[in-house]
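First comes the structure, then the notes that go with it.
The values are calculated or read from the model by the stated rules, or taken from the named source; none is laboratory data. Because the structure is predicted, anything quoted here is derived from the model rather than measured. For neighbour counting, all protein chains shown are included, and Cβ atoms are generated from backbone atoms with ideal geometry for every residue, glycine included.
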Amino acid sequence: MTGSRVVLNDRLLGTAALAFAAVMAWQGYGLEAPFAYEPVGPRAFPMLLSLIIGLCGLWLAVKGGNPVEPAAPGVKGRVFAVAAALAVYAFLFQWLGVVFATFLMSLPVGRAFGGSWFKSGAAGLVLGVAVFLLFDKVLDVVLPTGLLGGLL
């Protein structure tokens, strides 16, 4: 601590990641599907993700200790834009469908990382179609088609 200012470091982030991973594992362990529609079930993804987050958090908590450098001007606004885009994406995903929602989400995210409107939109369209085809056609995981239901 420097006066009343808290100095953030890797250990604090690692500890927070460990706590988040523990809550995620606790919540994910109770997931059960009413019927078996996938061979692995809904519990596997949050459990695997919590394990990865927990291991990374443990590594930071043990090895960490480096102070965090202040963010460059404009970074906080871009981080907020990406977080807002992901929150809107989560709310619109079911209604719009994976392809259209991914396309719309990629616009502000791509712009936040310095991409042009055209490149951000093109990448979002390609990503949305590729994700849909991979999950729906190859992995047999049903994703919402939303507004494009008749075309997909």
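Of note:
- Set Gly124, Gly146, Gly110, Gly128: member being small (Gly, Ala, Ser), over 20 Å from Phe80 (Cβ atoms) and buried (at least 18 other Cβ atoms within 10 Å of the Cβ): Gly128
- Segment 71-100 - residue that is assigned to a helix (DSSP H, G or I) and small (Gly, Ala, Ser) and, of those, farthest from Asp136 (Cα to Cα): Gly77
- Checked across segment 70-90, the condition of being surrounded by 13 or more Cβ atoms within 10 Å (Cβ to Cβ), touching a helix residue (DSSP H, G or I) at 6+ places or on another chain (Cβ under 9 Å), at pLDDT 90 or above and of a type in the set (D, E, K, R) holds for at least one residue.
- Residue-level check: of (1) part of a loop (DSSP other than H, G, I, E, B); (2) modelled with pLDDT of 95 or more; (3) not basic (Lys, Arg), Pro39 misses just (2).
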